[in-house]
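Below is one structure, written out as structure tokens, with a few remarks after it.
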Amino acid sequence: MSSILMPVLEMAAPTLEWRALAPVLLVFAAACVGILLEAVLPRAYRFLGQMTLVFATALVSIGFLVINWRGQYGGRLAMGSIMLDGPTYFMWASLLVFGTLAFMVFSERQLNGGATTFAASAASVPGSLDEADATAARYEHTEVFPLGLFALGGMMVFLASSDLIVMFVALEVFSLPLYLLSGMARRRRLLSQEAALKYFLLGAFSSGFFLFGIAMLYVFSGSLDLAAIHTAIEGNAGSNGLVMIGLAFIAIGLLFKVGVVPFHSWTPDVYMGAPTPVTGFMAIATKLAAVGATMRVFYVALDGERWSWQPLFAVLAVLTMVVGIIGALTQSDIKRLLAYSSIAHAGFILVALVGATQTVAAGEGTSASAIMFYLAAYGFATIGAFALVTMVRNAAGEENNIDGWSGVAAKNPWVAGLMSLFMLSFAGIPLTGGFIGKWAVFTAAWRGGYGWLVIVAVLASLVAVYFYLRLIVVMFGRKEAKGVYVGNASAWTWIPVVVGAVATVWMGLVPDQVMQLATFAGGFLR
Amino acid sequence: MMNPENYLILAALLFAIGSVGVLTRRNALVAFMCVELMLNACNLALVAGSHIHGALDGQVAAFFVMVVAAAEVVVGLAIIVMIYRTRRSTSVDDANLLKL
């Protein structure tokens, strides 16, 4: 009896670096408090309470992050499960900024006659009496804010984790809230629910692959730690089947979240069905977190196998750019267009990732710093573009058909003008952040010895200009569509749009500051 | 004592059965059960790895995976029930409104 109760090993109480981890811990704490607020606050005060909580948390988190970054806190934290290095700092900062801007769009109620874009009661059957009652009683799901915070916190841990099990748990922590948020649209609820089902089934499927990859690397190396896996691979002469299977399966799980062909098929459906503010949040935050985690796994743990994965990723990059661009050429729905555009952008990001330049030479950044700058530029334009998508409306809700966007410029030149700015940034036209971002990722790939890939990518981005310009032509050149109007949005939508526009132009005209920050933050620690 | 590599082969087989099930079964619930089978195959591989290396990380990881799988069930069943109440069907073939 006593032998069963004997401790098998000494468990040391875990130590946490509270101050260095404060940005992410605060986000999780606020999410938990948000759930409590749902139970405690009367219905009338919940929205205000949740919003206060979310934006106060975001500000304090960003404050802690800036102070810590200046103070150079870093290294392996939380018993070696979180790595706080340059890329973590940069991407945490980007995530917090983009998350805050996206949550502002969540808060918009003026566009929709005093209601959010989320269903009055997501549990009610569409078209039922329940739904009508909930709408008449002006119920609203203020749970979207804690769900968003959980997703944000999960993403922050995901890209920072230096332990594969922590990474897997974080993957689920940020995915599960997103599955739910996708299914909560107020309008076109059948589409929204279907998007949630597809996203959930495919997401769970891909995380199964991710986990099997983890298990294989564990069986090979005997450790879940990224640095230990690196050491085990370096110490092993020749190639090993377990490593190859692990590498391939982990790549499937990560590239699914990035939206890389052939794991992209969920992207257009989910982007189209999910409520537009959620789509905006997913489009940048999920991509940023997944790209960050992909870089960490492949640069830190699987660096020794780079001759195996570089050619594979190069082929996937070409496929992703081609499928994304061909898909975008044929779309008639603006959210699907932006979804295919995001697939194409995943391809451009992969180009730099393949280059895998990790040495800093003559003031030029690493692949990681190029990708981080690219994501920042892409993120500001994405947040702004999806916020603008919520503004162009018809009697039933948002007008997502591109034909409906005809002549938007005559109705509201600001909306059309700013949308054009974001499209030009996506296309990579000079004087926008998108151009500098493309320049940076192509340079990184070129220096990494993938010149042919850069040439393909430049050709692809030339073709991509066509469908971005097509939307601009539709908005400025065509007759006004009937029954479509530009909604009178409140500051909650306009602030993200204006911030996005200013940042896009700023990063295009004077990219030095952000670029230096990204270059400074460009090295992963092992 | 059986060769621990046999457990890895079993895990791979279970994983393959699960993934083929997700791809071929039409009922969302059954597809979801197949995902759970995949996760449990991973658990088996983790525990086998733990035995091979004589370390405990793999076994602890398996507990984490179980908790995550339980959380996934909560969210997944909620979504599937929502779909069923709307359409009176859980067939993934019927969920075909989103295209092009």
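The values are calculated or read from the model by the stated rules, or taken from the named source; none is laboratory data. What you are looking at is a predicted structure, and each value in this text was computed from that prediction instead of being measured. Positions of Cβ are generated from backbone atoms using ideal geometry, with glycine treated the same way; all protein chains shown enter the neighbour counts. Side chains included, ligands, DNA and RNA excluded: accessible areas come from the protein's heavy atoms. Shrake-Rupley method; radii C 1.70, N 1.55, O 1.52, S 1.80 Å.
The figures follow:
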read-out: From phi via Karplus (6.51, -1.76, 1.60), per-residue ³J(HN,Hα) for the stretch A:119-134 in Hz, x at Gly/Pro; value: 4, 4, 9, 5, 7, 6, 6, x, x, 8, 5, 3, 5, 4, 4, 4
read-out: For A:ASP333, residues with placed amide H under 5 Å, excluding near neighbours; value: A:ILE402
read-out: Relative contact order [Cα under 8 Å, 6+ residues apart], chain A, whole percent; value: 16
read-out: Relative contact order computed over the stretch A:192-262 (Cα-Cα under 8 Å; 6+ residues apart), in percent; value: 43
read-out: Residues whose placed amide H lies under 5 Å from that of B:ARG25, excluding near-sequence neighbours; value: none
read-out: Under the Karplus curve 6.51 cos²θ - 1.76 cosθ + 1.60, θ = phi - 60°, whole-Hz ³J(HN,Hα) for the stretch A:346-351, x wherever Gly or Pro sits; value: 4, x, 4, 5, 5, 4
read-out: List of the stretch A:182-214 residues, accessible area with partners at least 30 Å² below that of the chain alone (1.4 Å probe); value: A:LEU190, A:LEU191, A:GLN193, A:GLU194, A:LEU197, A:PHE200, A:LEU201, A:ALA204, A:PHE205, A:GLY208, A:LEU211, A:PHE212
read-out: Structure-based [θ]222 nm, chain A - -39500 (n - 2.57) summed over DSSP H runs of at least 4, per residue, nearest 500; value: -23000 deg cm²/dmol
read-out: Value of relative contact order over the stretch A:240-325, rounded to a whole percent, pairs C-alpha under 8 Å and six or more apart; value: 39
read-out: Chain B pair-distance distribution - Cα-Cα, 5 Å bins, rounded %; value: 2, 13, 17, 18, 16, 12, 9, 6, 4, 2, 0, 0
read-out: Whole-percent carbon and sulfur share, accessible surface of chain B, 1.4 Å; value: 68
read-out: In the A-B interface, the accessible area buried, summed over both sides, Å² (probe 1.4 Å); value: 3900
read-out: Listing of the stretch B:56-72 residues, each with accessible area lower by at least 20 Å² in the full protein assembly than in the chain alone (probe 1.4 Å); value: B:LEU56, B:ASP57, B:ALA61, B:PHE64, B:VAL65, B:VAL68, B:GLU72
read-out: Accessible surface of the stretch A:16-520, 1.4 Å probe, proportion on carbon and sulfur as whole %; value: 69
read-out: Length released on extending from A:VAL473 to A:ARG306, taking residue separation times 0.36 nm less the Cα-Cα span; value: 55.8 nm
read-out: Cβ-based net charge around A:HIS230, under 15 Å, with every Lys or Arg adding one and every Asp or Glu removing one; value: -2
read-out: Partner lysines for A:LYS411 [C-alpha distance under 29 Å; skip if fewer than 8 residues away on the same chain]; value: A:LYS335, A:LYS479, A:LYS482
read-out: Cα→Cβ-extended label distance, 7 Å offset, between B:ASN27 and A:GLN110, nm; value: 5.1
read-out: Phi-based couplings in Hz for the stretch A:305-321 (Karplus 6.51, -1.76, 1.60; Gly and Pro marked x); value: 9, 4, 5, 7, 8, 4, x, 4, 5, 5, 5, 4, 4, 4, 4, 5, 4
read-out: Nonlocal amide H pairs with A:ALA185, under 5 Å, H built at 1.01 Å; value: A:ALA119
read-out: Residues of chain A: accessible area per residue with a 1.4 Å probe, Å²; value: 35
